[in-house]
Amino acid sequence: MLNRLNRRQFTALLVSGAPAGLEADAPSPSGAGRNLDLCIGDGFDAREADIRAVLLSTGEALWKHSPDTRWDVPGFFVFHSEDVPITVFDHRADGRIAIGVTTQGNHWSQFAFQFAHEFCHALAGHSNDWKKLWIKGRKANHWLEESMCETASLFAMRALGESWKTAPPFRNWKSYAESLTKYAADRMAQAAATLSAGMAFKDWFRENEASLREKATMREKNNVVALQLLPLFEAQPSGWEAVTCMNLAKRDPEKTLATHFTDWSAVAPPAQRTFIGKLAAVFDAGG
């Protein structure tokens, strides 16, 4: 969940031990910025090397599909959150992006699910020239980002469920592949059950759009949306790179969804515009 303003600034102080908003002393050298280096905090009750292996595998499931995207920071700091999963608004004093997950122990499926969601928020709010990204103030369609982050979790879990069958981080982890796949399948089944029998998604969306605009983080509804978006991202994984520019468009807290997609497409690289149009078609929000 991408929380904001005072609460996020407080969390930035907590995880950095320094004033929020400070950045790295110097930008990454030319050609750098593809680093998924992870610094793991305390409080997880699991081996640091194991946590790093799970999270690197999870992040890479999304990151490998965004070859033209960069971080201008040295990596990520992953800490144990007592409240909710979170991608902190301000970068740490060392320039790292701070991500909190609530998981403890060796619950690798939950680690992967939460980190994939937050990693998607990092793509949407901290990639490339992140200072230009709209991350303050109300956004009428922020539910779409939240829903795509839920999609990212399903996407990553299903990808890991396949890749870990033959190439897990550690050879004795092959048996975890089935758990990863099942975790995603259970979430998808719950989302499918939320739709009334025989109800088309577009009808459901017309009934629920207003409530989503009012409160972006209604997970049951976010998951229904994610279930519709997942096939598009699995068919065209390069679409994850489109997420990096979804917050670059002009600011308007009352923006309609159709205008949101039109503006997003306008600031996106030409190669991403067809995919953004496919996303818009899911909601009948094409321009």
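Residues that are surrounded by fewer than 18 Cβ atoms within 10 Å (Cβ to Cβ) and touching a strand residue (DSSP E or B) at 6+ places or on another chain (Cβ under 9 Å) were ranked within region 50-73; the one that is farthest from residue 236 (Cα to Cα) is 52. For region 148-157, a residue qualifies if it is among the small types (Gly, Ala, Ser) and either more than 9 Å from the chain's Cα centre (by Cα) or surrounded by fewer than 24 Cβ atoms within 10 Å (Cβ to Cβ) (or both), and exactly one does: 156. Restricted to region 90-135, and to residues there that are hydrophobic (A, V, I, L, M, F, W, C) and assigned to a loop (DSSP other than H, G, I, E, B), the residue that is surrounded by the most Cβ atoms within 10 Å (Cβ to Cβ) is 135.
Set side by side, the residues 88, 73, 84 differ, and just one is under 25 Å from residue 185 (Cα atoms) and in the same structural domain as residue 42 (by TED's automatic domain parsing), which is 84.
Residues that are among the basic types (Lys, Arg), in contact with a Phe, Trp or Tyr (Cβ under 8 Å, 6 or more places away or on another chain), surrounded by fewer than 15 Cβ atoms within 10 Å (Cβ to Cβ) and at pLDDT below 95 do occur in region 238-260, at least one of them. Considering only residues that are under 15 Å from the mean Cα position of the chain (by Cα) and outside any helix (DSSP H, G or I), look in region 216-232 and name the one that is surrounded by the fewest Cβ atoms within 10 Å (Cβ to Cβ). Top of the filtered list is 217.
The values are calculated or read from the model by the stated rules, or taken from the named source; none is laboratory data. Since the model is a prediction, treat every value here as computed from it, not as a measurement. Glycine also receives a Cβ, built like all others from the backbone with ideal geometry; neighbour counts cover every protein chain displayed.
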